[in-house]
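Inspection log for the structure reproduced underneath, given as structure tokens.
The values are calculated or read from the model by the stated rules, or taken from the named source; none is laboratory data. Keep in mind that what you see is a predicted model, and the values were worked out from it rather than measured. Reconstructed Cβ throughout: ideal geometry from the backbone, glycine too, with neighbour counts over all protein chains shown. With ligands, DNA and RNA removed, areas are computed over all heavy atoms of the protein, side chains included. Shrake-Rupley method; radii C 1.70, N 1.55, O 1.52, S 1.80 Å.
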Amino acid sequence: MASIVIKSLGGRGDQLPNIVHDFQACPIVLGRDEGCDIQVIDPQVSRRHVEISMTTQGGHDIYFAADLGASNGTVIDGHPVKKQIPLKEGSIIAIGRSELIFTKKKFKDRDTALAAFRRDGEQYKGTIIT
């Protein structure tokens, strides 16, 4: 199982729901469309923006992200995504003006997850979703 934690949405980091988006089945699609597995309400996010998929190699689950032709692109850990790339624990997925954190860890809520990533050295900066 893996999770997506919304770090910021549309440039805002405050007043976001205190939830973590867990998923077990892949692929999942993130985007603005309400039919997406994880909907990101940000006008700069495409309807279907990025897909997360998984494969198992040597008994380990490996997750990948692929841009779905989004007009504003996808950035993972500061690098533009041109093709499918592997995600690592704590990868920052930037789509539109929003930032999401990929994790294989289980967290009870968003606040707990963000606190753990801050402790582990992830540099937090406030951003918000519109």
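For this structure, a couple of remarks:
- The lone exception for G121 - which of (1) assigned to a loop (DSSP other than H, G, I, E, B); (2) modelled with pLDDT of 85 or more; (3) more than 17 Å from S3 (Cβ to Cβ); (4) small (G, A, S) it fails: (2)
- Within the range 92-120, the set of residues being open to solvent by less than 20 Å² (accessible area, probe 1.4 Å), more than 15 Å from S8 (Cβ to Cβ) and among the hydroxyl-bearing types (S, T, Y) comprises T103 only.
- Of the set (1) open to solvent by 50 Å² or more (accessible area, probe 1.4 Å); (2) modelled with pLDDT of 90 or more; (3) farther than 25 Å from A115 by Cα, all apply to G78 but (3).
- Against the numbered list (1) assigned to a strand (DSSP E or B); (2) in contact (Cβ under 8 Å) with a residue 12 or more places away in the chain, D33 comes up short only at (1).
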